[in-house]
Amino acid sequence: MIPLNDVWPLFGLRLTTPRLELRPIRDDDIPAAVEAARSRIHEPGLNPFSTPWTELPADELGPNMARWYWRCRGEFTPESWTLLLGIWHEGGFIGCQDIGAKDFAALKTVSTGSWLKQSVQGRGLGKEMRAAVVLYAFDWLGAEVAESEAALWNESSIGVSRSLGYDLNGVTRKAWGPKVETVQHVRLTPETFKRPDWELRVEGHEAAVKFLKAT
């Protein structure tokens, strides 16, 4: 039988940092992702996501997350893609780090987003996983810009961005679930990136980059 990695080459991608493993979420990983999300990501009423998916009832959260993972795969093209990487720490699933792009071949720009279950927050893991995908984007995919955003009140997310060298890149007002939020945009280049003192280990890159047509 043909290996699944030959059918969907991104499944062979692995990014490893001193404390984390990042790899694309497979169907078998979805229950662990749902369990991590159900354990709580943020305080009630203080939602850091523009789509308030974490506030869904428990019986709706799982199907909603599964649909999102399948949708990102189903709509994945070299011209417009979102790569959802699960985060494993000490053998357990703790969150998700995504990296995406539109017209990457021309713009060489990626955007990122993430979540971590609340019980592991405050340990620098959010910074480590963001650094991992930025390193991969700059050093392996040849990106020239990495962008992100957060609600203006989300000091932890903006703090991670600042610590990695992102520049503030203006604010906008956006619909944020049922509310309107002021959103801080941030921008990073290889020149401003404050690189970590560890080396990113990458497996499965050649097949992944060929699939992305990023070279």
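The values are calculated or read from the model by the stated rules, or taken from the named source; none is laboratory data. The structure displayed is predicted, hence computed values, not measured ones. Cβ atoms come from the backbone with ideal geometry, glycine included; neighbour counts cover every protein chain shown. These accessible areas exclude ligands, DNA and RNA; they are computed on the full protein's heavy atoms, side chains included. Shrake-Rupley method; radii C 1.70, N 1.55, O 1.52, S 1.80 Å.
With the other protein chains left in place, how much accessible area per residue, in square angstrom, belongs to the range 57-108 at a 1.4 angstrom probe? Intermediate results must be reported in sequence, preceding the final value.
Values: 2570 Å² over 52 residues.
Accessible surface, normalised per residue, equals 49 Å².
If the chain linking LYS213 and ASN169 were pulled fully straight, counting 0.36 nm for each residue of separation and taking away their Cα-Cα distance, it would gain 13.0 nm. By accessible area, using a 1.4 Å probe on protein heavy atoms only, the range 126-212 has 48% of its surface on carbon and sulfur.
Residues MET129, MET1, sorted by accessible area with the largest first, give MET1, MET129 [1.4 Å probe; ligands and nucleic acids excluded]. The helix-only estimate of mean residue ellipticity at 222 nm for the chain, built from DSSP H runs of length n ≥ 4 each weighted as -39500 (n - 2.57), is -8000 deg cm²/dmol after division by the residue total. Comparing LEU107, LEU22, LEU85 in a Gaussian network model of the chain where C-alpha atoms under 10 Å apart are linked, the largest mean-square fluctuation is found at LEU107. Placing pseudo-labels 7 Å out from each Cα toward the beta carbon at LEU61 and LYS179 gives an inter-label distance of 1.9 nm. Assuming charge only on the beta carbon of Lys and Arg (+1) and of Asp and Glu (-1), the dipole of the range 21-139 about its Cα centre is about 220 debye to the nearest 20. Take the Cα of ARG71, step 7 Å toward its Cβ, do the same at ASP28, and the gap between the two points is 2.7 nm.
Whole-Hz Karplus values for the range 82-87 come out as 10, 9, 9, 9, x, 10 Hz, taken residue by residue from phi with 6.51 cos²θ - 1.76 cosθ + 1.60 and θ = phi - 60°; glycine and proline positions read x. Between the beta carbons of THR189 and THR51, assuming R0 = 22 Å, the FRET efficiency works out to 0.20 to the nearest 0.05. If R0 equals 25 Å, the separation of the Cβ atoms of ILE2 and GLU206 corresponds to a calculated FRET efficiency of about 0.90. Taking each pair of distinct Cα atoms in the chain once, what is the resulting Kirkwood hydrodynamic radius in Å? Its Kirkwood hydrodynamic radius stands at 17.8 Å.
Heavy-atom accessible area per residue, the range 175-215, 1.4 Å probe: how many Å²? Before the final figure, lay out each step's value.
Values: 2710 Å² over 41 residues.
Normalised by residue count, the accessible surface of the range 175-215 is 66 Å².
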